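Shown next, in structure tokens, is the structure this report addresses.
The values are calculated or read from the model by the stated rules, or taken from the named source; none is laboratory data. Note that the structure is a prediction, hence the values are computed from the model and not measured. Virtual Cβ from ideal backbone geometry, glycine too; neighbours counted across all protein chains shown. For accessibility, only protein heavy atoms count, side chains too; no ligands or nucleic acids. Shrake-Rupley method; radii C 1.70, N 1.55, O 1.52, S 1.80 Å.
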Amino acid sequence: MQGDSISIVGSGHTPFGRLDALNLEQLIVMAASQAIEEAGIEPGQIDAVFLGNFNAGLVPDAFAASLVLQASPALRFRPATRCENACASGAAALHAGMRALQAGAARTVLVVGAEKMTSRSTAEVTEALAGAGYKNDPQESGLSFPQLFARAASEYARRYEDPLPAMAQIAAKNHGNAMHNPLAQMHREVDADFCNTVSDKNPVIAAPLRLTDCSLITDGAAAVILARSQDAGGYAREVRLRAATQVNDFLPLRERDLLAFEGPRLALAQVYEQAGIRLDDLDFAEVHDCFTIAELLIYEAMGLAPAGRGRQALDEGIVQRGGRLPVNLSGGLKAKGHPVGATGVSMHALAFRQLTGQAGAMQCPGASLGLVFNMGGAAVANYASVLEAVRA
């Protein structure tokens, strides 16, 4: 991130889960209203609105940006824009908000991420999400995302070692972490043995991926208020976006090595450099575990372990709650839930709460520096942020 520094000064977050009583508009309004209230501002102070929302036919609200204005009559006539970049739509909205501030087009920005998914069947959701894959190659066009990441797990086993035991550890870790997150969709602790065993309760979804290797179909929304850091001194709480990067890779699988995770690796390397930090400086990370094999590959892209040895980060306890760099204290997409357009904003909202001491039972004691990594598609749209506590 170049130019003026940007800060988060407020957050909002609905529960994640099957929220039958709430439609997309209500989810958006709930998260936006919470963020405005926490920031302690009047809605009329907001200069621009950005919404992260994938949709792809999941709901009929194809023109959702102005739904944010329903949070307050004072938002009427504010510019509002929907941002879409697959599962990184939330981070795309955040970046758009930052650019508006850096360009001097706004002084205060509201960013919301939202998705309503559970009103569709699992098959319909799978088909909608598959639209984020490459469609101009017959060998790829029919792949669902479970099938795509199953291919990654199978190739990992062929090239390195069987990743399934490590993937089971990741699932168990994130389910355990979600027990401390009252907003998470799943509050059911499972152990690694259960996750590593195919059973009626843990069936194969796309071989070798099991149910416990897959993130959830979820409803939910999250929001943050952004301000230029030079203007943020009057807010009760402030977390500075010390660095933020975006790296997009080719969409066709045939043009890249999926296991290399080159897009994530480059986005993370760039964000460390821009922030002027090393990996060891971080206190926690929220990363994109759409499937457990993705979190394993992200460990390697982060620099926690060499290629093919991601399990070391688990075996050595580094990424566990209480470890040197706990990953997904929220429960991650695996157990917190994955309302696609909301995910990137949720990560930043919960990192803001960690860094301002508001994370409750999820709290990482003394956290002052956090990492967020949000990914769209299979390592295609890659967003990394380093967030720094300023004032709690």
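Observations, loosely collected:
- Pick from segment 324-380, criterion outside any loop (DSSP other than H, G, I, E, B) and charged (D, E, K, R), ranking: nearest to Leu24 (Cα to Cα): Lys334
- Candidates Arg324, Arg391, Arg311 - the one that is over 30 Å from Glu84 (Cβ atoms), crowded, with 20+ Cβ neighbours inside 10 Å, out of contact with any His (no Cβ under 6 Å at 6 or more places or on another chain) and of a type in the set (Lys, Arg): Arg311
- Qualifying residue in segment 44-65 (condition: open to solvent by 20 Å² or more (accessible area, probe 1.4 Å) and in contact with a Phe, Trp or Tyr (Cβ under 8 Å, 6 or more places away or on another chain)): no
- Just one of the listed residues (Ala243, Ala192, Ala223, Ala206) is crowded, with 23+ Cβ neighbours inside 10 Å, touching a residue at least 12 places away in the same chain (Cβ under 8 Å) and either under 18 Å from the mean Cα position of the chain (by Cα) or over 30 Å from Ala275 (Cβ atoms) (or both), namely Ala223.
- In segment 270-291, the residue that is surrounded by the fewest Cβ atoms within 10 Å (Cβ to Cβ) out of those that are more than 18 Å from the chain's Cα centre (by Cα) and hydrophobic (A, V, I, L, M, F, W, C) is Leu279.
- Within segment 1-43, being modelled with pLDDT of 95 or more, open to solvent by 30 Å² or more (accessible area, probe 1.4 Å) and either in a strand (DSSP E or B) or at positive phi (or both) holds for one residue alone: Gly40.
- Residue check for Arg265: basic (Lys, Arg), open to solvent by 10 Å² or more (accessible area, probe 1.4 Å) and part of a helix (DSSP H, G or I): yes
- Among all positions in segment 77-93, there is no residue which is of a type in the set (A, V, I, L, M, F, W, C), open to solvent by 30 Å² or more (accessible area, probe 1.4 Å), touching a residue at least 24 places away in the same chain (Cβ under 8 Å) and farther than 28 Å from Gly133 by Cα.
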